[in-house]
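So the structure is just underneath, and the comments pick up after that.
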């Protein structure tokens, strides 16, 4: 006689995203980072850090840009041909968060040159994603997993 389980099943299935959503988010990031660099505004850089933080910790589908895409833009588009795994975009948000946080720390500490160079690197990555659907962090993720497997074995 088996006893029914009272535990809640946790889904291990990764969330799926409309691939146009992260590209829209990257376009928003591109605009914010361009303005931050042109105006040399730590406030705009801090806004981008906050947006990356939401994507990095809550997931790319929970950012304000994702909400705007879901509510205002996606209903006007044809359905996507496919949905993508959210793992790559989430990792991209984590990398963006790390780079822009370090940039902001440098800028606030008075080390403007390395801070704005890091912000420029984040801008380049966001632009490549928005304009060409080239997610640099998404390309890096499988390589990092491969290296981890070779070092640790699992």
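The values are calculated or read from the model by the stated rules, or taken from the named source; none is laboratory data. Source: prediction; values computed, not measured. With ideal geometry, Cβ positions are generated from the backbone for all residues, glycine too; neighbour counts draw on all protein chains shown.
The lone criterion from (1) at pLDDT 95 or above; (2) in a helix (DSSP H, G or I) left unmet by residue 78 is number (2). Quick check: is even one residue across the stretch 57-68 more than 18 Å from residue 95 (Cβ to Cβ), in contact with a helix residue (DSSP H, G or I) (Cβ under 6 Å, 6 or more places away or on another chain) and either modelled with pLDDT of 95 or more or part of a helix (DSSP H, G or I) (or both)? No, the stretch 57-68 contains no residue that is more than 18 Å from residue 95 (Cβ to Cβ), in contact with a helix residue (DSSP H, G or I) (Cβ under 6 Å, 6 or more places away or on another chain) and either modelled with pLDDT of 95 or more or part of a helix (DSSP H, G or I) (or both).
Only one residue in 141, 123 is under 16 Å from the mean Cα position of the chain (by Cα) and closer than 15 Å to residue 23 by Cα, so which one is that? Write out each step before concluding.
Details: 141 fails: closer than 15 Å to residue 23 by Cα.
Exactly one of 141, 123 is under 16 Å from the mean Cα position of the chain (by Cα) and closer than 15 Å to residue 23 by Cα, namely 123.
On inspection, residue 111 qualifies as farther than 22 Å from residue 140 by Cα, modelled with pLDDT of 95 or more and surrounded by fewer than 21 Cβ atoms within 10 Å (Cβ to Cβ).
Go over the candidates 127, 106 one by one and state the one that is at pLDDT 95 or above, surrounded by 15 or more Cβ atoms within 10 Å (Cβ to Cβ) and over 17 Å from residue 29 (Cβ atoms). After applying the criteria, what remains is 106. Here residue 100 clears all of (1) modelled with pLDDT of 95 or more; (2) over 15 Å from residue 32 (Cβ atoms) except the condition numbered (2). Residue check: is residue 132 closer than 24 Å to residue 21 by Cα and loosely packed, with under 15 Cβ neighbours inside 10 Å? Taking the combined requirement at face value, the residue satisfies it. With respect to (1) part of a helix (DSSP H, G or I); (2) exposed (fewer than 14 other Cβ atoms within 10 Å of the Cβ), the lone exception for residue 98 is condition (2). The requirement of being within 18 Å of residue 55 (Cβ to Cβ), surrounded by fewer than 20 Cβ atoms within 10 Å (Cβ to Cβ), touching a residue at least 12 places away in the same chain (Cβ under 8 Å) and out of contact with any strand residue (DSSP E or B) (no Cβ under 9 Å at 6 or more places or on another chain) is satisfied by residue 87.
Going through (1) surrounded by 14 or more Cβ atoms within 10 Å (Cβ to Cβ); (2) closer than 28 Å to residue 74 by Cβ; (3) modelled with pLDDT of 95 or more one by one, residue 37 falls short only on (2). Count of the stretch 101-114 residues, restricted to those that are without any contact (Cβ under 8 Å) to a residue 60 or more places away in the chain and part of a helix (DSSP H, G or I), is 7.
Being free of Cβ contacts under 8 Å to residues at least 60 places away in the same chain, surrounded by fewer than 13 Cβ atoms within 10 Å (Cβ to Cβ), more than 30 Å from residue 38 (Cα to Cα) and out of contact with any helix residue (DSSP H, G or I) (no Cβ under 9 Å at 6 or more places or on another chain) is a description that applies to residue 149.
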